[in-house]
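What follows is calculated from the coordinates using simple rules that are stated; it is not laboratory data. Fair warning: this is a prediction, and the values are worked out from it, not measured in the lab. Cβ placement follows ideal geometry from the backbone for every residue including glycine, while neighbour counts extend to all protein chains displayed.
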Amino acid sequence: MGSSVLSLLVLGAVAVFLILRLRGVLGTREGFEKPPIPTQSKRQIERGGPDFEVIEGGPDRDITDHVPEDGDAAKALAAMKTVDNSFSVGEFLEGARGAYEMILMSFERGDLKSIEPFLSEDVFETFATVVDMRADKGLTVEANFIGVREINMNDAQFDTRTKEAELTVRFVGELTSVVRDEAGDIVEGNPTEIKRQRDTWTFARKMGTDDPNWQLVATGG
């Protein structure tokens, strides 16, 4: 077997390993042929401040628009609001939409320094391991973010003792992405094919503090 053929086989094996590693970190991707459809949040926030609609003990639509009214997640969100009355679920999800694009594309480009404050130590180290592996193998990722097709609140948890809040969000994003080797040849992906990226991310914050920023503490598909 010629050395050039052997090199191609080794590069192919490396690319497959990295693809599987990326899926473990950021979720799964699948082909998507339809054009992107603009999405909107379930509620458009048209005025400043939290969008509460509690009328004489009625349901808070800022909560029930996103999670079942009688579920544990709704109770956790209500408890968060008692500690931090500026907290709004709708505003959080809009912020999470922007954070998703920023973190995802910074990871794809290998630029982790700019997003380090928004990542927990464990998530940062996991991302850094993948970025370092790509660099060691001479692989680069070229990605173009199309948009967020879906965003939904999956779960909410709140520790009333520590005031630690965790919100789990399900994203379906759309992007184009290719992996290139040191010679610039594409070893995975298609620059014109729109892919769906499915991710479930958990953000955490201590409520009632001066720091309004949420950190990404867990990722999954």
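In summary, the aspartates and glutamates within cross-link reach of LYS81, defined as a Cα separation below 14 angstrom excluding same-chain residues under 8 places away, comprise ASP51, GLU53, ASP60, ASP62, GLU91, ASP159, GLU164, GLU166.
Straight-line reach from LYS113: which aspartates and glutamates have Cα under 19 Å away, leaving out those fewer than 8 places along the same chain? Correct list for LYS113: GLU101, GLU121, ASP122, GLU125, ASP132, ASP136, GLU142.
Taking a straight line from the alpha carbon of LYS163, these aspartates and glutamates sit under 12 Å away, with near neighbours fewer than eight places off in the same chain left out: ASP84. Note on ASP159/GLU94: beta-carbon distance plugged into 1/(1 + (r/R0)^6) with R0 of 30 Å gives a FRET efficiency of 0.75.
Lys and Arg at +1, Asp and Glu at -1: add these up for the other residues within a Cβ distance under 14 Å of ILE115 and post the number. Walk me through the numbers on the way to the answer.
Values: positive: ARG109, LYS113; negative: GLU101, GLU108, ASP111, GLU116, GLU121, GLU125.
Once all neighbours under 14 Å are counted, the net charge is -4.
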